[in-house]
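Asks: Take a look at this one; I'll ask things after.
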Amino acid sequence: MLRIIENRKILCAAALITGLLFMAACATTAQQASPKDAKMKVTRITPQDAYPQVTTGQALLVCAYANEKTCSTIMLEGAISLQAFESRLAGLKKDQPIIFYCA
């Protein structure tokens, strides 16, 4: 019985350490991906604020799921998939407002 309890403690500790390492790797990758001098402004907006921007063509609405199947099940009117966004990325203006969403 004592051996089972020790094994559970080891497994819990290993899972915790793995999770922490994963979180640290993600944070490091995000920091390394953006240049220090890049200015990026991310603002949260409400659906009520997003709707008129999307319907008038001022902003681009993007479903943020990489999985096309997931994206197709929650696709909002006027939205494009992440893959479609990536294919249009080179042609977008630098000041183009882009609204990403996920459910």
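The values are calculated or read from the model by the stated rules, or taken from the named source; none is laboratory data. Remember, it's a predicted structure, so these values are computed and weren't measured experimentally.
Asks: Here is a check on your reading of the model: is residue 38 among the small types (Gly, Ala, Ser), within 15 Å of the chain's Cα centre (by Cα) and modelled with pLDDT under 90? Show your work before the answer.
Replies: Values: among the small types (Gly, Ala, Ser): yes; within 15 Å of the chain's Cα centre (by Cα): no; modelled with pLDDT under 90: yes.
Considered against the rule, which asks whether it is among the small types (Gly, Ala, Ser), within 15 Å of the chain's Cα centre (by Cα) and modelled with pLDDT under 90, residue 38 comes out as no.
Asks: Quick check on the range 53-99: of everything there that is of a type in the set (Lys, Arg) and in a helix (DSSP H, G or I), which residue is modelled with the highest pLDDT? If you could, list the steps in order and put the result at the bottom.
Replies: Step one: list which residues in the range 53-99 are of a type in the set (Lys, Arg), which gives 69, 88, 93-94.
Subsequent filtering for residues that are in a helix (DSSP H, G or I) retains 69, 88.
Numbers: 69: 89, 88: 92.
Per the stated criteria, the residue is 88.
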